[in-house]
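Take a look at the structure below.
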Amino acid sequence: MAGSENQKFCLQEVLDSFQLCLSPNKEVYVEHYVAGWRGLVKFLNSLGSVFGFISKDAVSKIQILVNFLNSENGSQYATVQSMVKFELDNKLVDVDKKGICPESGCRTLLRLHRALRWLELFLERLRTSKEDDKTSVMCREAYNESLAQHHPWVVRTAAGMAFFALPGRPTFFEVMDVGPPEQVVAILGKAVPLISEVYLITEELYLKHNLLDLP
Ligand SMILES: CCCCCCCC/C=C\CCCCCCCC(=O)N[C@@H](COP(=O)(O)O)[C@H](O)/C=C/CCCCCCCCCCCCC
């Protein structure tokens, strides 16, 4: 999968990954979760180097999780549920905020999990938007309602500047490459509830184990 972030973006592929994410008993498969993010990073990379610092951060977090999946404990990382249990049972998570385990699977996935909420809010705005609506405004509103609350001023400022470089809605829809706007809206109508379900399952799990504030 190395270097796949430079390949062409495919919205259906992202949708498929998030669909495959959920097991019949509603566990979240880490493999498909990271595949969904890899697909999204392709989209980000197609927008140009202004978004490079965001893409780099997302790729490094994806890679940390892939490394866990490929490690000798890989089977423990099959689902978010098994990962949480394994890392908590083995004291691999910085629950006491002492600065240990800076790269646990739980804290790494939490960063992507918060970003998933941004994605859900952004895609819902995109889905219900009108032709003249600005993607930069939709993106900023979604960011302020979610990720921004976890970012320091310097990151919020850099992100805010990058949003100005977002292409307009028509170009956005073209890059999605799934056909006319009605088709994009239809696919987004399937993607948003799926993403929302994956988000809610993870949120409840993290809440139950008091992991939502991991440093
Ligand atoms: C269906 C197609 C349309 C939507 C396509 C969206 C494509 C988005 C792809 C990736 C999104 C980026 C995910 C970013 C993960 C950020 C994780 C994070 O919060 N990291 C921060 C904290 O990490 P630690 O320091 O604690 O390890 C880190 O400080 C962040 C640095 C980078 C800035 C992140 C800003 C995120 C802004 C929201 C994404 C905007 C993308 C716009 C593209 C439409």
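Every number here is computed from the coordinates shown, using simple stated rules; none is lab data. Remember, predicted model here, so these are calculated numbers, not experimental data. A quick note on method: Cβ atoms are made from the backbone with ideal geometry, for glycine too, and the neighbour counts reach across all protein chains shown.
Relative to the longest principal axis of the Cα atoms of the chain, the long axis of helix 135-145 makes an angle of roughly 30 degrees. Which FRET efficiency, nearest 0.05, do Leu212 and Glu72 yield, Cβ-Cβ r, R0 25 Å? Rounded to the nearest 0.05, the efficiency is 0.30.
Computed from Cα atoms, the angle from the helix 11-20 axis to the main principal axis of the chain rounds to 30 degrees.
Using the Cα coordinates of the range 9-208, the gyration tensor eigenvalues translate into equivalent-ellipsoid semi-axes of 29, 19, 15 Å, sorted from longest to shortest. The HN-Hα couplings worked out from phi for the range 73-78 by the Karplus form 6.51 cos²θ - 1.76 cosθ + 1.60 (θ = phi - 60°) are 9, x, 5, 6, 9, 4 Hz, whole numbers, x standing for Gly and Pro. Compared with the direct C-alpha span, the chain from Gln12 to Ala186 gains 61.5 nm at full extension, assuming 0.36 nm per residue. Amide H contacts of Thr79: Val30, each under 5 Å away and 5 or more positions distant or on a separate chain (H built 1.01 Å from N in the peptide plane; Pro and chain starts excluded). Just need the relative contact order of the range 9-208 here, percent rounded to a whole number, with Cα pairs under 8 Å and 6+ apart. Taking the mean separation of contacting Cα pairs over the length of the range 9-208, I get 25 percent. Taking the number of Cβ atoms within 10 Å of each Cβ as an exposure proxy, the fewest-first ranking of Trp153, Trp118, Trp37 is Trp153, Trp118, Trp37. Highest mean first, the peptides 110-117, 56-63 sorted by other C-beta atoms within 10 Å per residue fall in the order 110-117, 56-63. Spin-label model, Met161 to Ser60: label points 7 Å out along the Cα-to-beta-carbon direction sit 1.8 nm apart. Label sites at Glu197 and Lys98, each approximated as a point 7 angstrom past Cα along Cα to Cβ, lie 4.1 nm apart.
Please give the contour-minus-distance gain from Asn90 to Trp153: 0.36 nm per residue of separation, less the Cα-Cα distance, rounded to one decimal in nm.
19.2 nm
The C-alpha atoms of the chain define a longest principal axis, and helix 153-164 lies at about 30 degrees to it.
A cut-off of 5 Å between modelled amide H atoms, ignoring neighbours fewer than 5 places along the same chain, links Leu22 with Tyr29.
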